[in-house]
Amino acid sequence: MNRKKPEPVQVIKTRRDAALQTLVGSVPFIDFLGLKFDRRGDELTAIFPFDDRFIGNPVLPAIHGGATAAFLELTAVVGLAWSILWDATETGDFNIADMTAENLPRLPKTIDFTVDYLRTGLPRDAYARARITRSGRRYASVQVEGWQDNRDRPFAQGIGHFLMPSSKA
């Protein structure tokens, strides 16, 4: 039996990092908010660096609810899109040299997204992780949790439902 020799782990890691950067770079609003994504293995953490532009209530001061909602929704969309890309980066279906935003699968479309504001978003960096609770061919459900200093004390959480992109481009 002829079996393909496995690629070195570093090659796969490089391919995954390039795919993530291309995915994140394909959404201009991510750049506007200044979001960053940190990949550790298969775990993706979104980072929302503090910026005075996103203060909604200067008296408290507190992060604007719309900025918080956008942060959580983008975390869910990127997390869901990343789950689609994960297997393709393992098998090498994406060539790093040819990787562009046009070559990536389309992003899932938001059907609805609900945010629970649990406490004031303080003027400091925020973090979020998405957990896919259901992912099918047509529909996906994602939960997102956002925190600042202590992951056990989230300041906001969200639940979203998404229309999955069809396999045909």
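The values are calculated or read from the model by the stated rules, or taken from the named source; none is laboratory data. Computed from a predicted structure; not experimentally measured. Using ideal geometry, Cβ is built from the backbone for each residue, glycine included, and neighbour counts are taken over all protein chains shown.
What's the number of the only condition in (1) surrounded by fewer than 14 Cβ atoms within 10 Å (Cβ to Cβ); (2) assigned to a helix (DSSP H, G or I); (3) at pLDDT below 95; (4) out of contact with any Lys or Arg (no Cβ under 9 Å at 6 or more places or on another chain) that VAL59 fails to meet?
(2)
Any residue at all in the stretch 27-47 that's assigned to a helix (DSSP H, G or I), modelled with pLDDT of 90 or more and touching a Gly at 6+ places or on another chain (Cβ under 8 Å)? Let's see the steps before the verdict.
Step one: list which residues in the stretch 27-47 are assigned to a helix (DSSP H, G or I), which gives 28-33.
Okay, now just the ones that are also modelled with pLDDT of 90 or more, so 28-33.
Filter again for touching a Gly at 6+ places or on another chain (Cβ under 8 Å), leaving 31.
Yes.
Which pairs do you get when a residue that is among the polar types (S, T, N, Q), found in the stretch 102-131, comes within reach of a residue that is part of a strand (DSSP E or B) and buried (at least 17 other Cβ atoms within 10 Å of the Cβ), reach meaning Cβ atoms under 7 angstrom, with the pair 6+ apart or on two chains?
Within 7 Å, the pairs are THR110/GLY160; THR110/PHE162; THR114/GLY158; THR120/ALA62.
Within the bounds of the stretch 146-157, is there any residue that is part of a loop (DSSP other than H, G, I, E, B), free of Cβ contacts under 8 Å to residues at least 24 places away in the same chain and not charged (D, E, K, R)?
Among the residues of the stretch 146-157, at least one is part of a loop (DSSP other than H, G, I, E, B), free of Cβ contacts under 8 Å to residues at least 24 places away in the same chain and not charged (D, E, K, R), which makes the answer yes.
Quick check on the stretch 44-56: of everything there that is free of Cβ contacts under 8 Å to residues at least 24 places away in the same chain and under 22 Å from the mean Cα position of the chain (by Cα), which residue is surrounded by the most Cβ atoms within 10 Å (Cβ to Cβ)?
PHE54
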